[in-house]
1. How much length would be gained if the chain were fully extended between E88 and R513, taking 0.36 nm per residue of separation minus their Cα-Cα distance, in nm to one decimal?
2. Cα centroids of the stretch 331-377 and the stretch 285-319: how far apart, whole angstrom?
3. Return a whole-number percent for the relative contact order of the stretch 314-535, with Cα pairs under 8 Å and 6 or more residues apart as the contact set.
4. Work out how much length V232 to R200 would gain on full extension: take 0.36 nm times their residue separation and subtract the Cα-Cα distance, in nm to one decimal.
5. If I take every Cα pair under 8 Å that is 6 or more residues apart in the stretch 2-293, average their sequence separation and divide by the length, what percent do I get for the relative contact order?
6. Once R0 is set to 56 Å, what does the formula 1/(1 + (r/R0)^6) return for the Cβ-Cβ distance between R531 and E303, expressed as a FRET efficiency to the nearest 0.05?
7. Using Cα pairs under 8 angstrom and six or more residues apart, how large is the relative contact order of the chain, in percent?
8. How high is the FRET efficiency from L266 to D32, r the C-beta distance, R0 35 Å, rounded to 0.05?
Amino acid sequence: MGAVLGAGHQFGEALVPVIIGIVIDRAVSDGDGRALFGWLAVLAVVYVGLSLSFRFGARAGERAAEQAAHDLRITLVRRVLDPGGGAERGHLPGELANIATEDAKRVGAVNMAVMTGISALTGLLVSAVALLRISVPLGLVVLLGTPVLLWLGHLLSKPLERRSEAEQEGAAYASGIAADLVAGLRVLKGIGAQAAAVERYRRTSRASLAATVRAARAEAWQSGVVLTLTGVFIALVALIGGRLAAAGDITLGQLVSAVGLALFLLGPLEVFAWVNAEFAQGRASAGRIAAVLAAEPDVLPGERALPEPVLGGLRLRGVTLGALREADLDVRPGELLGVASTDPAAAQALLACLGRTADPEAGVVELDGVPLPELDPARLRTAVLVAAHDADLFEGTLADNLGGAGDTDRALAAACADEVARALPQGTATEVTEGGRSLSGGQRQRVALARALVADRPVLVVHDPTTAVDAVTEARIAGGLREHRLGRTTLLVTNSPALLSVADRVVLLDGGRVAADGAHGDLVHGDPTYRTAVLA
C-alpha cells in the first residue's frame, strides 16, 4: 500500500513541471485566460492528490517498517527463549538486546527503503516518458544514464556495508559490557574493582566510537560522491535541453518542462543513494540477526511423551559431561537426596543433564525409565525443575515473581520468605526491581526458592539455595524444605551441612563419579573426603 501511494505521489510530482510547460504553451503564450484557469485547476487537483498520497503512503511505509522490526524482535526473543537453547552462545546479554533492538530496527527500515525506492523509480520512469515525448535525445540521456548512476551507487555502498557491520558489532559488544557492569556493580564495589571495570568499558566504548565514526565517514563519502555524480547528470540534461530550445527543436514550454523535470529528477536520484545506504546497513544487521536465528540448539526435542503419572525416579548410567566422568546414580521416587561435590564444575554438569540444557557426551539420564533425550525439553521442564543458584527475579511485584500456581503461603513459609514479605512495605504486593536488586542477596535467594516450591514439580533440583542466609535461617529452611517436599523427588545439590543433614541419603561426587553414598552423619564420621568437602 505504501509503495502504491508513494508511486502516486511521485507520479503527481513528475506531472507538475509537465503541466506548467503546457500552461505556458497553451495559455500564457496565447493569452487565453480560460485555458489558464482550467490548467491551474488541473494543477491544483494534482497537488491535492500527490499531497494525500504522500501523507498516507508515508504512514503505511513507516507502519510496515515498524511492524517488520517488531516481528523480528518477537522472533528473536522466541529463539533466545527456545527450550533447546543455543541462541545465546557467544553473545553477552546486552549484545543480544542490541541485536533485538538496533539491528531489528535497521532491517525493518528496509521496508521503508523499498517503498521509497519504488516511488522514486515511478517518478523516474514518468519523467523519462515525458522527456521522450518532448525530445528523444533527452529521454535517452535519462534512460541510459540512470542505470549507470544506480550501478555506481551500489558499488559505493559496499565499503559502507562492511563498516556498518563493524559498527553494529562494536555497539552491541559495548552494550553487553555496560549491562554486565551495571548487573555486577555491587560485587565490583565490594572487591574494589570498579575502576578496572570502568576502564574496560572505556576501552570498549572508544573502539565502538571509532567503528561508528568510520561507518559515518563511509556513509558521508558515499552520499557526497553520489550527489556529485547526480548533479553532473542533471546539469547534462539541462544543457542538452537548452541547446535543443535554442535550435528551435522544442518550445519554450517544453524547455521549462525539461528543466523542471531535470530538477525534479534530483530527488529520485538522491533517494536511490539513500536506499543503497539503507540496504547496505540492513544487510549487515540482517546477517547478525540470521546468525542468532540459525544458531544450532544445545539440545534437540524428542518425540516421546512424559510418563503418566510422573513418579520422579531418576537414573544416571555412565554419564559423561564436562567434569562428570561415567557417573552412575539412582534416585528413588519421592526421595530427598543430597548431592555434595568436591568440584563445582561436576555439580554444574549434573544440573545441565537433569535440566536438559545439555545432553551427556556419553551415557544416559532417565526419568521413570524414559531417556531424557527422547523428551521435548519444554515438556520435561513441566516435570523436572532445576532451580539454579543464580536464578534472577523479574521486575514486578513479589507476588508476580512467585507465580501463584501452587500454595504460595506454604511455600513462602518453607523458604522463610514470609519474613521477607513481612519486612516489605506492601508485603507481596511490593514492587521488585529488575533482577531483584531492591532486595538483599539473602532475600533474593529465599524468594527464588519459594518460587521453585510454588511451581510444585514432581522433581525439584535445588542448587545452593542458602549461601547468602545466616545459619539459623538456613536450618529453618532445611526443615521447611523437607516438610514441603515430603513424598516428592527432591535433589539438594549443595555442600551445606544444614541442608544435607535433612536428606534421606547423600551422595558425594568426587573426580566426576559417585564416590560415597549414605546418611550425612555416617559420611561425616566415616569418609575424610566428604568431611573435607562439607565441613572444611
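1. Numbers: separation 425, 0.36 × 425 = 153.00 nm, distance 2.96 nm.
Contour length minus the Cα-Cα distance gives 150.0 nm.
2. 13 Å
3. Numbers: 432 pairs, mean separation 64.1, N = 222.
Averaging sequence separation for qualifying contacts and normalising by length gives 29 percent for the stretch 314-535.
4. On the way: separation 32, 0.36 × 32 = 11.52 nm, distance 4.84 nm.
Full-extension gain reported as 6.7 nm.
5. Details: 361 pairs, mean separation 92.3, N = 292.
Rounded, it is 32 percent for the stretch 2-293.
6. Details: r = 46 Å, r/R0 = 0.82.
Efficiency for this residue pair is about 0.75.
7. Details: 878 pairs, mean separation 80.1, N = 536.
Reported relative contact order: 15 percent.
8. Values: r = 32 Å, r/R0 = 0.92.
The value I calculate is 0.65.
Read-outs throughout are calculated quantities, based only on the coordinates presented, and are distinct from any laboratory measurement. Please read these numbers as outputs of a predicted model, since none were measured by experiment. Note that each Cβ is placed from the backbone with ideal geometry, even for glycine, and that neighbours are counted across all protein chains shown.
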